[in-house]
């Protein structure tokens, strides 16, 4: 792992544990075992660091979410595979998931970062628009759809974390609940 990635992973861990305001860059540098100058070489400000972490996490999530998904599959099958991939990613990447929970809708994440990360999920946007046009899912705004997805995802991940295992039966139940919330 290079120094920049050490800083990202350490910053993420500390931001999840302590929050943005309670995490000084000196602590991030110390725990990442890099000099403060090295941190500021890679990130001009703490805000830049938190935005880079957000980008790092969202790209990881997007890559995992669309694994093995293709347009030849039916719409519901694509949505189900994306959901299952998203749940598995959230379980395997608890710290990353908790970072997103903490910084979802945060003013620390700038508009440019949010817009860039939306492009990582444009396949899903097109898929859901197509599902709406074909009367497969409800005609709800992308923002509401994202909120529903996030809420159900977070609730079931909490159960997975309690059980300390990725339970296939619970995964099936999570998709059924999600599908029932969005289907037409």
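The values are calculated or read from the model by the stated rules, or taken from the named source; none is laboratory data. Here the structure is a predicted model, which means the values were calculated and not measured. Methodologically, a virtual Cβ is constructed for each residue, glycine included, from the backbone with ideal geometry; neighbour enumeration extends over all protein chains shown.
Overview of results
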read-out: Matching helices (runs of 4 or more DSSP H) fully within segment 98-164 where at least 2 residues are under 19 Å from residue 174 (Cβ atoms) and at pLDDT 95 or above; value: 122-133, 142-163
read-out: Filtered residue count, segment 10-32, keeping only those that are closer than 15 Å to residue 54 by Cα and surrounded by 17 or more Cβ atoms within 10 Å (Cβ to Cβ); value: 8
read-out: Criterion (surrounded by fewer than 14 Cβ atoms within 10 Å (Cβ to Cβ), without any contact (Cβ under 8 Å) to a residue 24 or more places away in the chain and on the phi < 0 side of the Ramachandran plot) met by exactly one of 74, 125, 105; value: 74
read-out: Residues of segment 36-63 classified as under 30 Å from residue 134 (Cβ atoms) and crowded, with 17+ Cβ neighbours inside 10 Å, total; value: 3
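Here is a yes/no grid of residues against (1) assigned by TED's automatic domain parsing to the domain that holds residue 121; (2) closer than 23 Å to residue 117 by Cβ:
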site	(1), (2)
1	no, yes
4	no, yes
10	no, yes
19	no, yes
22	no, no
28	no, yes
37	no, no
52	yes, yes
58	yes, yes
